[in-house]
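See structure below.
The values are calculated or read from the model by the stated rules, or taken from the named source; none is laboratory data. Fair warning: this is a prediction, and the values are worked out from it, not measured in the lab. Heads up, the Cβs are rebuilt from the backbone with ideal geometry, glycines too, and the neighbour counts pull from every protein chain shown.
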Amino acid sequence: MSTSTLPDAVAVTGLTKRYGRRTVVDDVSVRIPSGSVTGLIGPNGAGKTTVMSMLLGLVRPTSGEGQVLGHDLARPKAYVGRVGALIEGPAFHPSMSGRANLRNLVRLGRHDPEQIAPLLHLVGLADRGDDLYGAYSLGMKQRLGIAAALLGDPDLVILDEPTNGVDPQGMRDIRHLVRRIAEGGRTVLVSSHLLAELEHVCDHLVVIDRGGLRYQGPMDELPTGRREVIRVAADGAATDLHDLLVRDGLEATARGTVTEVEIGEADPVRLAARINSTAHAAGITLTELHHQRQTLEDRVLELVGNGSAS
Ligand SMILES: Nc1ncnc2c1ncn2[C@@H]1O[C@H](COP(=O)(O)OP(=O)(O)OP(=O)(O)O)[C@@H](O)[C@H]1O
């Protein structure tokens, strides 16, 4: 979890990438606290892979500066050995087993072969390590990719859309895995186009859209833009209910058969009780009365303007 005493794992300013006249990452400044699980959220084409690739030294920034694991972003060779990554899907040999694929990477990276068994165990492939990679489900392939990213025991792990295309059970497995990877103080940067996929995994959030930064900060400080309301309905008496609540001095808006009452600064529980007793006194029986909170996903959709950039 976040430890404020350590320097940030990533601190970059003005990160920009242009391809020709097209700016795909535009003046993005981000900090990723050491030990955090940071979600990089944005719709398709927002620039997530490009940001990650620049941090990994795979794509050269057009401009921008900063540090990754205390080293200059402009000199990735100094730090990439301490960064593990799964980016744009894992690339393994389909006719070799998962274990044999990892062995290859161990040889190439001169890592300790003793890591293979514990890593297969960590990613839930202990029993399937000797099956051919080509026979793995998408979730298993992603998990093997995560095991590969962990070879060499990196301090920073960058995972680009690890849950993309994976079924709900597979997503749950990957979410648990991400949490476990972060145990013991590692920093994890994980991207997704859906916050809901990462909401319960991340403690820090970076939201980008069309190449620009929309939010960064602790998950629980994501700004609330939209109002919260109490939704009320009364079968066959929608207009009467709405008019009654307006007469009672409430800020009520009719939405089809439902009336939404602004909560504002009021206590939602007391307001709900007041609505209930007002309706009851007027002989109207409520068929729905609930406090509608904005989900984190709603908040992010507001930040990114509800749109895909691709
Ligand atoms: N090598 C390249 N040359 C030109 N344009 C590129 C290149 N790489 C990426 N882009 C463009 O940059 C934009 C951002 O792409 P990027 O892959 O970083 O987005 P993303 O948020 O990861 O999207 P997705 O969720 O679809 O993977 C896209 O419009 C993409 O077409």
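Key figures for this structure:
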item: Hits in the range 170-212 (condition: in a loop (DSSP other than H, G, I, E, B) and away from the ligand (no atom under 16 Å from the Cβ)); result: Glu183, Gly184, Gly185, Arg186, Glu199, His200, Val201, Cys202, Asp203
item: Residue match in the range 273-282 (condition: assigned to a loop (DSSP other than H, G, I, E, B) and of a type outside the set (A, V, I, L, M)); result: no
item: Ile158 of a type outside the set (S, T, N, Q), within 16 Å of the ligand (Cβ to nearest atom) and modelled with pLDDT of 90 or more; result: yes
item: Count of residues meeting criterion [in contact (Cβ under 8 Å) with a residue 40 or more places away in the chain and exposed (fewer than 15 other Cβ atoms within 10 Å of the Cβ)] in the range 254-286; result: 1
item: So Leu301, is it outside the structural domain of Asp240 (by TED's automatic domain parsing) and either without any contact (Cβ under 8 Å) to a residue 60 or more places away in the chain or in contact with a helix residue (DSSP H, G or I) (Cβ under 7 Å, 6 or more places away or on another chain) (or both); result: yes
item: Any hit, the range 51-61, residues being closer than 22 Å to Thr163 by Cα, surrounded by fewer than 15 Cβ atoms within 10 Å (Cβ to Cβ), in contact (Cβ under 8 Å) with a residue 12 or more places away in the chain and within 16 Å of the ligand (Cβ to nearest atom); result: no
item: Selection within the range 3-36 - hydroxyl-bearing (Ser, Thr, Tyr), under 12 Å from Thr62 (Cβ atoms) and more than 16 Å from the ligand (Cβ to nearest atom); result: none
item: Among the residues listed as Ala266, Ala238, Ala273, Ala234, the single one being out of contact with any His (no Cβ under 7 Å at 6 or more places or on another chain), among the hydrophobic types (A, V, I, L, M, F, W, C) and modelled with pLDDT of 95 or more; result: Ala273
item: In the range 73-98, the residues that are crowded, with 19+ Cβ neighbours inside 10 Å and not β-branched (Val, Ile, Thr); result: Leu73, Tyr79, Gly84, Ala85, Leu86, Pro90, Phe92, Ser97, Gly98
